[in-house]
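Single-structure report; data block below.
The values are calculated or read from the model by the stated rules, or taken from the named source; none is laboratory data. What you see is a predicted model, and the numbers here were worked out from it, not measured in a lab. Cβ placement follows ideal geometry from the backbone for every residue including glycine, while neighbour counts extend to all protein chains displayed.
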Amino acid sequence: MPRFEAVDMEAVKKSVQTGPDARASLEVGLVEKAGDRVTVRCGACQGTGADRHTRGHCRACGGKGLVTIREPALRCAYCRGSGWQPHKERLGCSICGGKGVVTVKEPFVQCAFCQGQGMAVSTKLPCYACQGKGVVAVKEPLATCPSCQGTGKSNDARLPCHACKGKGVVTI
């Protein structure tokens, strides 16, 4: 029978909240917070409202330079908040829709499969385990996955662990 190692949820929350993606509201330009919504500077146009390729209105924000999304919001890991597809500068990000930020479910931990990068290293496509967000929602209490020892990777390192679906942790 697999032996589960308990995970301290407070330590996990603290590490995620103080990680680089937790400061997304500062990095993407927090403008206003109202209730469960936050208004931030658009990632695709960097708040100018103009599309830098076509010189027309930005498609992500409709030319306003600002986007409003539901909290908790993090910087998009796949495009790194730029709003553009990695390696294809003229295409809007398929994960955040060009906004540069994504809404996530709490509680969450950094994706073990892609190490929070939002993309599969071997293919440069959005990570299967976190759908390109860089974090995965978890349920409490947690334990390190016995199949992958917390790496989130299967024996074939190109695929996420089947037992934890790439999260690196399992619910006890």
Original post:
Does LYS99 satisfy the condition of being touching a residue at least 24 places away in the same chain (Cβ under 8 Å), over 30 Å from THR54 (Cβ atoms) and under 14 Å from the mean Cα position of the chain (by Cα)?
Top reply: no
Original post:
For region 44-95, list the strands (runs of 3 or more DSSP E) that sit wholly inside it and hold at least 2 residues that are closer than 20 Å to CYS130 by Cα; which are they?
Top reply: 66-70, 73-75
Original post:
Taking region 116-172, which residues are under 17 Å from TYR78 (Cβ atoms), out of contact with any Lys or Arg (no Cβ under 8 Å at 6 or more places or on another chain), aliphatic (A, V, I, L, M) and in a loop (DSSP other than H, G, I, E, B)?
Top reply: VAL121, LEU125
Original post:
Yes or no: VAL109 in contact (Cβ under 8 Å) with a residue 60 or more places away in the chain, outside any loop (DSSP other than H, G, I, E, B) and more than 15 Å from ALA77 (Cα to Cα)?
Top reply: no
Subject >> Hey, ALA22 farther than 18 Å from THR103 by Cβ and modelled with pLDDT under 50 or not >> reply: no
Subject >> Candidates ARG55, ARG37 - the one that is of a type in the set (D, E, K, R) and either closer than 18 Å to VAL102 by Cβ or touching a residue at least 12 places away in the same chain (Cβ under 8 Å) (or both) >> reply: ARG37
**OP:** Starting from residues that are buried (at least 17 other Cβ atoms within 10 Å of the Cβ) and of a type in the set (Gly, Ala, Ser), keep the ones in region 155-172 and report whichever is farthest from the chain's Cα centre (by Cα).
**Re:** GLY168
Subject >> Hits in region 43-97 - residues which are of a type in the set (Phe, Trp, Tyr) and over 13 Å from PRO126 (Cβ atoms) >> reply: TRP84
Original post:
Out of (1) over 10 Å from the mean Cα position of the chain (by Cα); (2) in contact (Cβ under 8 Å) with a residue 12 or more places away in the chain, what's the single condition that is false for GLN115?
Top reply: (2)
Subject >> Qualifying residues in region 84-110 (those that are among the hydrophobic types (A, V, I, L, M, F, W, C) and touching a helix residue (DSSP H, G or I) at 6+ places or on another chain (Cβ under 8 Å)) - the one surrounded by the most Cβ atoms within 10 Å (Cβ to Cβ) >> reply: VAL101
Subject >> Every residue from region 74-92 that is farther than 17 Å from GLN46 by Cβ and either basic (Lys, Arg) or modelled with pLDDT of 90 or more (or both) >> reply: LEU74, ALA77, TYR78, LYS88
Subject >> Matching residues, region 40-52, being under 13 Å from LYS99 (Cβ atoms) and either loosely packed, with under 15 Cβ neighbours inside 10 Å or among the polar types (S, T, N, Q) (or both) >> reply: GLN46
Subject >> Checking LEU142 against (1) more than 24 Å from VAL40 (Cα to Cα); (2) of a type outside the set (Phe, Trp, Tyr); (3) surrounded by fewer than 20 Cβ atoms within 10 Å (Cβ to Cβ), the condition it does not meet >> reply: (3)
